[in-house]
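Engineer: One structure, pasted below without further comment.
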Amino acid sequence: MTIEEAEHQLATRLYQNTARVHFNQFHEASGRNGRRIVYGGYVISLARALTFNGLGNAFHVAAINGGRHVNPTFAGDTIFAWSEILETGEIPGRTDVGALRVRTVATRNRPCADFPGAEDDGRPDPSVVLDLDYWVLIPL
C-alpha cells in the first residue's frame, strides 16, 4: 500500500501526535532526512492490516513484547508486510480463547515474498521499517 501525503497527515492528527518530524516540512527540509517522517503508529496500522490473512479473528492485541521502527518511512513509500506465529498460549480458566505470539515485519518499496528481516551479518535489511513482536487473543 503506497502511503500518500494526505493520508498519513490525517492519521497522525487523529492519533494526536504533534511531533515536529511529522508536521513541520519547513524545518524538516533542512533536517537529517530532508522531509517529514510518517508516524510509526500509522505504519503499525498498515502492517497489521496487510498481514490479516489467517489472523482475521485475532480480536485483541493483548501485549506488545517489543518492536522498533528500524528505518524511516516517507510519503510515497509502498509498504509491504508479513507475519509469523512465534508461539501459542493458553489463557488460564478459558476454553473459548487462546493466544498467539506474532512477529510482524514491514518493508518499504520491497515485496515480502522472501520474508526479509536480517542480513547475513545480523543487521536489519535496509528495506525493513518495522519489526514488531506482540500477543493477540483469538477465539478457539
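Engineer: With charges set only on the Cβ (+1 for Lys and Arg, -1 for Asp and Glu), what does the dipole of segment 5-139 come to about its Cα centre, in debye to the nearest 20?
Structural biologist: Working: 13 positive and 15 negative charges, 115 e Å.
My answer is approximately 560 debye.
Engineer: Continuing with this model, one more query. For segment 89-128 and segment 37-88, compute the distance between their C-alpha centroids and round to whole Å.
Structural biologist: With segment 89-128 and segment 37-88 each reduced to a Cα centre, they are spaced 8 Å.
Engineer: Could you please rank Thr2, Thr12, placing first whichever residue has the fewest other Cβ atoms within 10 Å of its Cβ? Each step should come with its number before you reach the end.
Structural biologist: Working: Thr2 11, Thr12 21.
Least crowded to most crowded, the residues run Thr2, Thr12.
Engineer: Over the chain, with a Gaussian network built from C-alpha contacts below 10 Å, which listed residue (Ser30, Ser45, Ser83) shows the highest mean-square fluctuation?
Structural biologist: Its mean-square fluctuation being the largest, the pick is Ser30.
Engineer: For each of Phe52, Phe80, count neighbouring Cβ atoms within 10 Å of the residue's Cβ, then give the residues from fewest to most. Please report the intermediate quantities before stating the final value.
Structural biologist: Working: Phe52 12, Phe80 22.
Lowest to highest Cβ neighbour count: Phe52, Phe80.
Engineer: In whole percent, what relative contact order does segment 45-126 give with Cα contacts below 8 Å and a gap of six or more residues?
Structural biologist: It comes to 29 percent, rounded to a whole number.
Engineer: Same structure, new question: Considering only Leu50, Leu14, Leu100, give the residue with the highest GNM mean-square fluctuation for the chain, with springs between Cα atoms whenever their separation is below 10 Å.
Structural biologist: Leu14
Engineer: Using per-residue counts of other Cβ atoms within 10 Å, averaged over each peptide, order 67-79, 17-29, 125-137 from highest down.
Structural biologist: Going by the mean number of other Cβ atoms within 10 Å, highest first, we get 125-137, 67-79, 17-29.
Engineer: Let me know the Rg and Dmax you get for the chain when you use only its Cα atoms, in Å.
Structural biologist: 16.6, 56
Engineer: Once the Cα atoms of helix 40-50 and of the chain are each reduced to a long axis, what angle between those two axes, in degrees from 0 to 90 to the nearest 10, is obtained?
Structural biologist: 50
Engineer: In the calculated pair distance distribution of segment 4-53, what percentage of Cα-Cα distances lie above 15 Å?
Structural biologist: Every Cα pair in segment 4-53 considered, those over 15 Å come to 47 percent.
Engineer: For segment 46-122, give the magnitude of the charge dipole about the Cα centre (Cβ charges: +1 Lys/Arg, -1 Asp/Glu; no others), in debye to the nearest 20. Walk me through the numbers before you get to the answer.
Structural biologist: Numbers: 7 positive and 9 negative charges, 65 e Å.
Its charge dipole is roughly 320 debye.
Engineer: Shifting gears a bit: Angle between the Cα long axis of helix 5-14 and the longest principal axis of the chain, 0 to 90 degrees, nearest 10?
Structural biologist: 60
Engineer: Follow-up. If you take the charge dipole of segment 34-94 about its Cα centre, with +1 on Lys and Arg Cβ and -1 on Asp and Glu Cβ, which of Phe52, Thr88, Gly41 is farthest toward its positive end?
Structural biologist: The Cα lying farthest towards the positive end belongs to Gly41.
Engineer: Note down the relative contact order for the chain as a percent, whole number, built from C-alpha pairs under 8 angstrom at least six residues apart.
Structural biologist: Values: 264 pairs, mean separation 38.2, N = 140.
Here the relative contact order equals 27 percent.
Where a number appears in this text, it was derived from the coordinates with a stated rule and is not lab data. On a predicted model such as this, the values are computed, not experimentally measured, just so you know. Ideal geometry is used to build each Cβ from the backbone, glycine not excepted, and the neighbour counts take in all protein chains shown.
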